[in-house]
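Single-structure report; data block below.
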Amino acid sequence: MQEGTVIKSTGSWYQVLLDTETTINCRITGKFRLDGMKLTNPVAVGDRVKIILEDTEEQTGMIKKIMPRNNYVVRQSPRKKHHLHLLASNIDQAVVIVTMVEPLLKQGFIDRFLLMTEPHDIPCTIVFNKKDLYSGDDVEYYEALSYIYKDIGYNTMLVSSYDKESLIPLKELLKDKTTLISGQSGVGKSTLVNGIQPQLELRTGDLSDYTGKGMHTTTFAEMFPLDFGGYIIDTPGIKTLSFNNLEPMDVAHNFKEFFALSEHCKYADCTHRNEPKCAVKEAIEEGRMSDLRYHNYLLILNEIEDQNYWERHTNM
């Protein structure tokens, strides 16, 4: 068997870059599970795998073993609500691309994305794109959000594909790291990546005239080398994020500023809603914490609890 890294997933086939620098198209054998959970794609871009060659002329093979993962990013499948979808594995950091305009920012998406990376201690940077389109009000809103996230330990950047100087800090962030890059459809992710490394020529698309939302241009996850060092894993544009794999306390523990204060709550299992002497609620009421984050936290908790128990325990 030979070892390599999965660099592209197309659903039924996986491109594996062998350590010998040969690329092989591979299928999978058997059923691979992630912590006992059902997966729509048992192999992720970034996985280290062992393969056997099946056809040396056609350069095809079979993935026989997935090596232990350092980490992974998983989301609820958008097509099969009882399954999970692996976005990537073995990454050093994540970058979520958002924008204030075209399409309008859904701030709750940022918190939902962070809920995918935080459980695995994956550093995440929030990149606000298309700054050239921002009005004065948009800039003020960006500055307020940037303060909120920097205050709790997340890095933020303000960039534009048309302002090469604004891309310099982003290139420095990506250098010599394996980075998952994601965002909602239409935020300009592919254009931004092309601005950093034009040779990639990722497909770009316009907003839908009917909905004002982004149209998918990235179909499958794929890993690309950067000529200044490092790799990016480009993922399909995400429309929504749900969490059938989490319990309410998982959410409470991974809104990290809430978790930091939770030791001062009266109850060890405080969910920061109706419990008495809750340190988080006191901080919200006193303006020491973001009520925007708290509002999104409550929405996620309600969604999780609205799912039936058997729906949330897909591995049972």
Note to self: Consider the range 55-68. How many of its residues are in contact (Cβ under 8 Å) with a residue 24 or more places away in the chain and either of a type in the set (Lys, Arg) or assigned to a strand (DSSP E or B) (or both)?
What the structure shows: 7
Next item on the list: Return yes when Thr60 is among the β-branched types (Val, Ile, Thr) and surrounded by 14 or more Cβ atoms within 10 Å (Cβ to Cβ) and no when it is not.
Entry: yes
Check: Among the residues of the range 90-105, which ones are within 15 Å of the chain's Cα centre (by Cα) and of a type outside the set (Asp, Glu)?
Finding: Asn90, Ile91, Gln93, Ala94, Val95, Val96, Ile97, Val98
Check: From Gln59, Gln2, Gln15, which residue is farther than 23 Å from Tyr154 by Cα and in contact with a Cys (Cβ under 8 Å, 6 or more places away or on another chain)?
Finding: Gln15
Margin query: Step by step: first the residues of the range 1-30, then only those that are at pLDDT below 85 and over 19 Å from Arg79 (Cβ atoms), then the one that is surrounded by the most Cβ atoms within 10 Å (Cβ to Cβ). Which residue is that?
Written below: Thr29
Next item on the list: Return the residue satisfying two criteria in turn: it lies in the range 31-57 and is at pLDDT 85 or above and over 24 Å from Gln76 (Cα atoms), and of such residues it is surrounded by the most Cβ atoms within 10 Å (Cβ to Cβ).
Entry: Ile51
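The rows are residues; the columns are (1) in a helix (DSSP H, G or I); (2) surrounded by 15 or more Cβ atoms within 10 Å (Cβ to Cβ); (3) modelled with pLDDT under 95.
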{"site": "Thr240", "(1), (2), (3)": "no, no, yes"}
{"site": "Phe243", "(1), (2), (3)": "no, yes, yes"}
{"site": "Leu246", "(1), (2), (3)": "no, yes, yes"}
{"site": "Leu261", "(1), (2), (3)": "yes, yes, no"}
{"site": "Tyr267", "(1), (2), (3)": "no, no, no"}
{"site": "Cys270", "(1), (2), (3)": "no, yes, no"}
{"site": "Lys277", "(1), (2), (3)": "no, no, no"}
{"site": "Leu292", "(1), (2), (3)": "yes, yes, no"}
{"site": "Trp310", "(1), (2), (3)": "yes, no, yes"}
Next item on the list: Run Thr117 past the list (1) polar (S, T, N, Q); (2) under 23 Å from Glu257 (Cβ atoms); (3) more than 11 Å from the chain's Cα centre (by Cα); (4) surrounded by 20 or more Cβ atoms within 10 Å (Cβ to Cβ) and report the number of the one that doesn't hold.
Entry: (3)
Next item on the list: Select from the range 1-39 the residues that are touching a Gly at 6+ places or on another chain (Cβ under 9 Å) and assigned to a loop (DSSP other than H, G, I, E, B) and list them in ascending order.
Entry: Asp19, Thr20, Thr22
Next item on the list: Return the only residue of Ser166, Ser146, Ser160, Ser208 being modelled with pLDDT under 95 and of a type in the set (Gly, Ala, Ser).
Entry: Ser208
Check: Considering only the range 124-177, how many residues are closer than 20 Å to Arg293 by Cα and small (Gly, Ala, Ser)?
Finding: 3
Next item on the list: Check the range 171-192 and report whether any residue there is touching a helix residue (DSSP H, G or I) at 6+ places or on another chain (Cβ under 9 Å), surrounded by fewer than 18 Cβ atoms within 10 Å (Cβ to Cβ), modelled with pLDDT of 90 or more and of a type outside the set (S, T, N, Q).
Entry: yes
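The values are calculated or read from the model by the stated rules, or taken from the named source; none is laboratory data. Values in this document were obtained by computation on a predicted structure and should not be read as measured data. Don't worry about glycine lacking a Cβ; one is built from the backbone with ideal geometry, like all the others, and counts go over all protein chains shown.
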